[in-house]
């Protein structure tokens, strides 16, 4: 399916909204970290922190899914969550640039794995050491993802402009 300027405008707007959601969830994460630093050492404080990590990864995964769906990259099977990150490291010539570099994809994969374990804890208690270890990666992951978004966004704007130029040339304008 050929994409036009309006499709790219919509995608860019949706990706920007995802980045705003990431900013808001990151702020909640920061508040959870501050509660623990201020003496909140109850299991519920760590559960709240883990929940914010879960949400941060959820926003990032939603962003990546949006990109994959826009470019009709089918994701199937049980490993689609990991496959999604791998695909976001691929540059598809004449279609889209890579969103993630390998290093960021590895960090995000750690967050993905944590989110999976967190979602399936059920009767197991929260491990504060594990939550703290993962939290140490969150700040740089969010910052790196925001930088990746800015680069990706700029590349999509170039693609959108080329589409506009091609459309003008095709119509004889």
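Restricting to region 69-97, and then to whatever is in contact (Cβ under 8 Å) with a residue 24 or more places away in the chain and not in a helix (DSSP H, G or I), can you tell me which residue is surrounded by the most Cβ atoms within 10 Å (Cβ to Cβ)?
96
Any residue that is without any contact (Cβ under 8 Å) to a residue 12 or more places away in the chain and not in a helix (DSSP H, G or I) - is there at least one of those in region 10-26?
No - not one qualifying residue is present in region 10-26.
Going through region 108-151 one residue at a time, which ones are in a helix (DSSP H, G or I), exposed (fewer than 13 other Cβ atoms within 10 Å of the Cβ) and out of contact with any helix residue (DSSP H, G or I) (no Cβ under 8 Å at 6 or more places or on another chain)?
129, 133, 136, 143, 147, 150
Quick one: is residue 100 assigned to a loop (DSSP other than H, G, I, E, B), at pLDDT 95 or above and crowded, with 18+ Cβ neighbours inside 10 Å?
It is true that residue 100 is assigned to a loop (DSSP other than H, G, I, E, B), at pLDDT 95 or above and crowded, with 18+ Cβ neighbours inside 10 Å.
Restrict the check to region 153-171 and report whether at least one residue is at pLDDT 95 or above, more than 30 Å from residue 6 (Cα to Cα) and in contact with a helix residue (DSSP H, G or I) (Cβ under 8 Å, 6 or more places away or on another chain).
no
Residue-wise test of (1) modelled with pLDDT of 95 or more; (2) more than 17 Å from residue 88 (Cα to Cα).
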| position | (1), (2) |
| --- | --- |
| 112 | yes, no |
| 121 | no, yes |
| 137 | yes, yes |
| 146 | yes, no |
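Do you know which of the residues in region 37-51 that are free of Cβ contacts under 8 Å to residues at least 24 places away in the same chain and touching a helix residue (DSSP H, G or I) at 6+ places or on another chain (Cβ under 8 Å) is farthest from residue 150 (Cα to Cα)?
45
The values are calculated or read from the model by the stated rules, or taken from the named source; none is laboratory data. If you're wondering where the values come from, they're calculated on a predicted model, not measured in any experiment. Cβ sites come from the backbone with ideal geometry, for glycine too, and all protein chains shown count toward neighbours.
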